[in-house]
Amino acid sequence: MDLINRLFRRMDANEESARKSNNQKTSYIIALAGNPNTGKSTIFNALTGLRQHTGNWPGKTVLRAEGSCSYRGMTFNLVDLPGTYSLLSNSAEEQVARDYLCFSKPDATVVVLDATCLERNLNLALQVLEITSKAVICVNLVDEAKRKGIEINTASLSEELGVPVVPTAAREGHGLGKLLSAITGVATGSVVNAPYTVKYEKKIEDAVVKVEPHIRKLVGEEFNSRWLALRFLEHDQTVISAVQKWTEERVPLKIKAGGVALA
Ligand SMILES: Nc1nc2c(ncn2[C@@H]2O[C@H](COP(=O)(O)OP(=O)(O)OP(=O)(O)O)[C@@H](O)[C@H]2O)c(=O)[nH]1
Ligand SMILES: [Mg+2]
């Protein structure tokens, strides 16, 4: 792997000056994604305590939990996304998670992985990194992994993936301080990631090269044009009509019944 291309471009600016350059923004939206049963809700509950409320995602019977957490003068509004094995839009849960990450653009996304079966979990992590570079990988259940004789080299994983990787044992509250610190870096922009990019076979990459510039012309830097190009190539109707509506009316997109719709 060409590590140089993926090393973090860490800016020297400290958190305070980064916040200033971010127009003093102190409130950030943080999404929690991950496979089922990896400890997302455990982390969510540990960070938000009683400051949380639940409901359904609009038009879906999928549970939506949101809560807030104060950290170093900032407010993190956490959104606990449904547990999914992929973001291929095969189920309501996958569609909710995927559309939220692409169109609602959280300030940072934490991908919670199970340290005892990292390989399977990394599939989702790579899919998230295709949508957003503003990600933090949380390798949870390290206590359970240790019991099974598994040790994860998080520094090396971080170099490979090009995003911060934090080990946690959330049930015991271990590592959550470091997780908040990593979230702060990515959300405020004081850490700029250079995530690993999944490359597809030549004929797909050739098609992306043709389609992506047209999409970029439509959406500019608003949404991830490479990811949208891949969805257009597979004729994903939900995404196509969402982009169509956005370009016609230039209003923010929100998740609604049947996928993405206008606010
Ligand atoms: N040993 C250990 N158990 C954990 C840890 N984190 C969570 N758990 C346990 O793992 C189980 C699943 O945790 P949840 O937080 O419900 O997982 P989730 O990712 O929200 O699951 P879904 O919402 O179903 O996707 C619970 O029994 C937790 O107590 C950890 O770090 N170590
Ligand atoms: Mg949960």
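Among the residues making up region 61-96, those that are charged (D, E, K, R) and surrounded by fewer than 18 Cβ atoms within 10 Å (Cβ to Cβ) are Glu66, Arg72. For region 187-200, the set of residues classified as more than 10 Å from Lys134 (Cβ to Cβ) and outside any helix (DSSP H, G or I) consists of Ser190, Ala194, Tyr196, Thr197, Val198, Lys199, Tyr200, listed by residue number.
Scanning region 127-150 for residues that are modelled with pLDDT under 95 and more than 19 Å from the chain's Cα centre (by Cα) yields no hits at all. Checking each residue in region 42-60 for being within 12 Å of ligand 2 (Cβ to nearest atom) and either in contact (Cβ under 8 Å) with a residue 60 or more places away in the chain or surrounded by 18 or more Cβ atoms within 10 Å (Cβ to Cβ) (or both) picks out Thr42, Ile43, Phe44.
Residue-wise test of (1) among the acidic types (Asp, Glu); (2) closer than 21 Å to Ile43 by Cα; (3) buried (at least 21 other Cβ atoms within 10 Å of the Cβ).
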position	(1), (2), (3)
Arg98	no, yes, yes
Cys102	no, no, yes
Ala108	no, yes, yes
Val111	no, yes, yes
Asp114	yes, yes, no
Ala125	no, yes, yes
Val128	no, yes, yes
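Hey, Lys199 hits all of (1) surrounded by 12 or more Cβ atoms within 10 Å (Cβ to Cβ); (2) at pLDDT 90 or above; (3) within 30 Å of Gly39 (Cα to Cα) but one; which does it fall short on? Every condition holds for Lys199 apart from (1). Within region 29-63, the set of residues being touching a Pro at 6+ places or on another chain (Cβ under 8 Å) and at pLDDT 90 or above comprises Ile29, Ile30, Ala31.
Only residues that are polar (S, T, N, Q) and outside any helix (DSSP H, G or I) were counted across region 167-186, and they come to 1.
The values are calculated or read from the model by the stated rules, or taken from the named source; none is laboratory data. Note that this is a predicted model, so its numbers are computed, not measured. In this analysis, Cβ positions are derived from the backbone assuming ideal geometry, glycine residues included, and neighbour counts consider all displayed protein chains.
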